[in-house]
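Here the structure comes first, spelled out in structure tokens, and everything after it is commentary.
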Amino acid sequence: MSQKDNVSSESTDALIRGLASQAGKRRAGGLAFDAAFPAALIISLLAAIAVVLMTAGARSDLVEILSTWTFQFKVFGMILIGAGALRAVRASVRPGSGVHPVIGLLPGAVFLAGGAVFDRSGFPIWGVHTFSVFNCGGIIVMSSIPALLGILAAMRSGTPTRLARSGAVAGLLAGSIGALAYTIACLNDGAAFVALWYSLAIAMVAVLGALVGPRVLAW
């Protein structure tokens, strides 16, 4: 393995250790998951919005585009993905629930795919600016980190058993929260852009959650 690969591996390990340490320590007799989780979701959304406003700011025509189908497509799509991930997170902290995480994600996936197929908005799939894709993915991931930490911290009060999968669904939920927050800043209203790049950014947060989950959620 080259020196560059070693540095990259060490950086990744350091990031995982840092996230794990910030997610909090398990406390005996702490708040039950059902009590802790709603607060974690509210704080996560507020934190994600704050990150978006600090890094990108709200779009200047936000009030005008609230009623457009292109904006509502983004919002509703992220809510559907988030709802499916929410169901999966709840199931993951209750062993034996029998709920497979993929089931809840299907409505959101179908909605986004359908929007991409029938997209007639005229917006390019690479975005309206040169760095649209990088800005979109980067800001969604950044705004999802506080949410991921908060969700994992709440999940520690439950009894997750498949830790990598639990971390992944936590990442899916965190990613959808970050993506939902980013809709107030995103200038790319094409359904195909949203379906592809928002989904990829959420998947990146899910991978991060799968890496961090076993360390944070271990009993």
Report summary line: Taking first residues from the range 131-148 that are modelled with pLDDT of 95 or more and second residues anywhere that are crowded, with 19+ Cβ neighbours inside 10 Å and charged (D, E, K, R), the pairs with Cβ under 7 Å that are 6 or more apart or on different chains are none
**Report entry** Per-region count, the range 128-144, residues of a type in the set (Gly, Ala, Ser) and out of contact with any Leu (no Cβ under 8 Å at 6 or more places or on another chain)
**Finding:** 3
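Kindly provide the set of residues from the range 150-192 that are among the hydrophobic types (A, V, I, L, M, F, W, C), touching a Leu at 6+ places or on another chain (Cβ under 7 Å), surrounded by fewer than 23 Cβ atoms within 10 Å (Cβ to Cβ) and touching a residue at least 60 places away in the same chain (Cβ under 8 Å), ordered by number.
Initially, the range 150-192 is screened for residues among the hydrophobic types (A, V, I, L, M, F, W, C), giving 151-155, 163-164, 168-170, 172-174, 177, 179-181, 184-187, 191-192.
Those still in the list that are touching a Leu at 6+ places or on another chain (Cβ under 7 Å) too: 151-152, 155, 163, 170, 173-174, 177, 181, 184.
From what is left, the residues that are surrounded by fewer than 23 Cβ atoms within 10 Å (Cβ to Cβ) are 163, 184.
Residue satisfying the conditions is Ile184 alone.
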Report task. Check the range 173-184 and report whether any residue there is part of a helix (DSSP H, G or I), over 21 Å from Phe71 (Cβ atoms) and either in contact with a Phe, Trp or Tyr (Cβ under 8 Å, 6 or more places away or on another chain) or not polar (S, T, N, Q) (or both). Result -> yes
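From the list Ala218, Ala147, pick out the single residue that is within 20 Å of Phe33 (Cβ to Cβ), surrounded by fewer than 17 Cβ atoms within 10 Å (Cβ to Cβ) and in contact with a Leu (Cβ under 8 Å, 6 or more places away or on another chain).
Numbers: Ala147 fails: surrounded by fewer than 17 Cβ atoms within 10 Å (Cβ to Cβ).
Being within 20 Å of Phe33 (Cβ to Cβ), surrounded by fewer than 17 Cβ atoms within 10 Å (Cβ to Cβ) and in contact with a Leu (Cβ under 8 Å, 6 or more places away or on another chain) holds for just one of Ala218, Ala147, which is Ala218.
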Query - Residue list for the range 47-68, filter: surrounded by 15 or more Cβ atoms within 10 Å (Cβ to Cβ) and either outside any helix (DSSP H, G or I) or in contact with a Lys or Arg (Cβ under 6 Å, 6 or more places away or on another chain) (or both) - result: Ala56, Arg59
Query raised in the report: Across the range 150-174, what is the number of residues that are under 11 Å from the mean Cα position of the chain (by Cα) and over 17 Å from Leu200 (Cα atoms)?
Result: 1
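The values are calculated or read from the model by the stated rules, or taken from the named source; none is laboratory data. What you see is a predicted model, and the numbers here were worked out from it, not measured in a lab. When we count neighbours, we look across all protein chains shown, and the Cβ atoms used for this are built from the backbone with ideal geometry, even at glycine.
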